[in-house]
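Trainee: Would you mind keeping the following structure in view while I ask a few things?
The values are calculated or read from the model by the stated rules, or taken from the named source; none is laboratory data. What you see is a predicted model, and the numbers here were worked out from it, not measured in a lab. Here Cβ is always computed from backbone atoms with ideal geometry, including for glycine, and neighbour counts include all displayed protein chains.
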Amino acid sequence: MPQILNSFMSIYRRVHISATTLSFLNGEFEIEPAYGEKREEALRIAGLKTYFIVRVLKPFQPDVKSEIQNGGKVIADEDSCVIADLASESQEDTTVNVHICLKT
């Protein structure tokens, strides 16, 4: 019984992706077939193939050239937008939404 439970739990500890998601990963991860369509009727009916991510092949490397410096913070790219909730200092319990976009 422990072997069956371990096998069952190993499926749920892995990242399960569709073929569409796989197409965006650009070979950065090792994958293996997950055969989700054999376990889930909805996947089978929809004709979806699924995969498990096994491991990282190409670790993430931030593109330092595309980052710009703004005070003490690094902003990922020139068209970054920041959305923040600022609490009002008045006695009323209000929140102000701030949306800042940097465009150069």
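Trainee: Can residue 12 be described as of a type in the set (Phe, Trp, Tyr) and at pLDDT 90 or above?
Mentor: no
Trainee: Taking only pairs six or more apart or across chains, which ones have beta-carbon atoms under 8 Å, a first residue in the stretch 12-37 that is among the β-branched types (Val, Ile, Thr), and a second residue that is surrounded by 10 or more Cβ atoms within 10 Å (Cβ to Cβ) and assigned to a helix (DSSP H, G or I)?
Mentor: Listed pairs, sorted by first residue: 31/22.
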